[in-house]
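I have placed the structure first, in the form of structure tokens, so that the comments after it can refer back to it.
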Amino acid sequence: MDLEEQILRYYLKVFSISSITLVLFFLFFLYALNKNIILKNEILSISKGEKLEKILNKNIQNLSKIELFIINKYYQINYKLFNSFIHYGDFYIHTNTTPIELLKIITKASNVLNKITIIEGWSQKELLNELSNHFEDYKIIPYHHIIADTYYYEKNKDFNFFLNNLKNNKNLYFEKYRNNDLSKLFSEIDIMTIGSLIEKEGLDINDKRKISSVIFNRLKKNMKLQIDATVLFAMTDGEYNLNRKLLISDLTFEHPYNTYKHYGLPPSPISYVGKKTIDIIFENYKSDLLFYFFNKSLNRHIFSKNYKEHIKKLNEYRNNQ
């Protein structure tokens, strides 16, 4: 083989390697710009003068350094060619978003115009009242379809678009608990139902944690849950407006949701449930507690491990009233 042929083969090899490298880089370039990104929040806040790299690092969970580099270079090219620059303010970002779509949003004026806050423990009537302030056409949302949270939506988006976003938010949230031990024992609607009982009964995180353990302990022992909130739900058709104190005689009210009459969980949730309460459930806090009552003087629940202890504490409380 003469020298000229060797040189030709060498350059062909270099060209082939360079071509393959360029093709691979181009494919990775396209992948980095079109992959689904995971946002820490659906509202992205940008300060005046904030750099793209800081914005991405602060708000996106699943980008590598080379992907950040590619997105930054893509933005710089668009800035030079089309004078497309980042605006500051709050931006609503859809659940399934790519870096290209994200850049399209943040290089325009802020798109956040309205927000709706769904309060933990709300009834359907309370949510309907809130929805009436935002939409002309709306409907009842079943408790187990959504998670109580603050949601943002864009101008001219209808109720169905808003609702689909809420459902997607709930589905994504439960996905992180897919391999949790409780997910193997209870259905998603069961978890939401337990959460609704805790929302209506619990006062704070520690209180909710103990009530959660009481519910699981009673279910395990096949005891009736005997939760007052289910009686109120049953007697008021879910509106909780009894307008008087709950009486001992009310506990015998026949209704499938009355946990004084029926074993196990109610057929479905009795209120909207928030993320913090769902987190508490999946924490699966362990205790020996089986009973509790509300002490008005102390403004907290008093817990007991057995019926004898429960009655003793309850009588002491009543005697001091």
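The values are calculated or read from the model by the stated rules, or taken from the named source; none is laboratory data. Quick caveat: nothing in here was measured; it's all calculated off a predicted structure. Using ideal geometry, Cβ is built from the backbone for each residue, glycine included, and neighbour counts are taken over all protein chains shown.
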| Selection count where residues are under 16 Å from Asp204 (Cβ atoms) and either in a strand (DSSP E or B) or not β-branched (Val, Ile, Thr) (or both), scope region 263-286 | 6
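Residues in region 270-286: is at least one closer than 27 Å to Ala148 by Cα, among the acidic types (Asp, Glu), surrounded by fewer than 18 Cβ atoms within 10 Å (Cβ to Cβ) and touching a residue at least 40 places away in the same chain (Cβ under 8 Å)? Can you show your working first?
Let us first name the residues in region 270-286 that are closer than 27 Å to Ala148 by Cα, namely 270-286.
Cutting the leftovers down to among the acidic types (Asp, Glu) gives us 279, 283.
Keeping just the survivors that are surrounded by fewer than 18 Cβ atoms within 10 Å (Cβ to Cβ) gives 279, 283.
This time we only want the ones that are touching a residue at least 40 places away in the same chain (Cβ under 8 Å), so: 283.
Yes, region 270-286 has at least one match.
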| remark: Only unsatisfied item for Phe135, checking (1) outside the structural domain of Leu298 (by TED's automatic domain parsing); (2) closer than 30 Å to Gln226 by Cα, is (2)
| query | For Leu81, all conditions in the list (1) in contact with a strand residue (DSSP E or B) (Cβ under 8 Å, 6 or more places away or on another chain); (2) over 24 Å from Phe162 (Cβ atoms) hold save one; what is the number of the exception? | reply | (1)
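When region 113-130 is examined, which residues are found to be touching a residue at least 24 places away in the same chain (Cβ under 8 Å) and surrounded by fewer than 19 Cβ atoms within 10 Å (Cβ to Cβ)? Give the derivation first.
Our first condition is that a residue be touching a residue at least 24 places away in the same chain (Cβ under 8 Å); within region 113-130, this holds for 113-125, 127.
Within region 113-130, Leu113, Asn114, Lys115, Ile116, Thr117, Ile119, Gln124, Lys125 qualify.
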| query | Are there any helices (runs of 4 or more DSSP H) wholly within region 173-257 with 1 or more residues that are crowded, with 20+ Cβ neighbours inside 10 Å and in contact (Cβ under 8 Å) with a residue 40 or more places away in the chain, and if so which? | reply | 188-201, 205-220, 228-235
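How about region 43-129: which helices (runs of 4 or more DSSP H) wholly inside it have at least 3 residues that are more than 30 Å from Pro269 (Cα to Cα) and of a type in the set (Phe, Trp, Tyr)?
Working: elements: 52-59, 65-82, 99-106.
Counting at least 3 such residues, we get 65-82.
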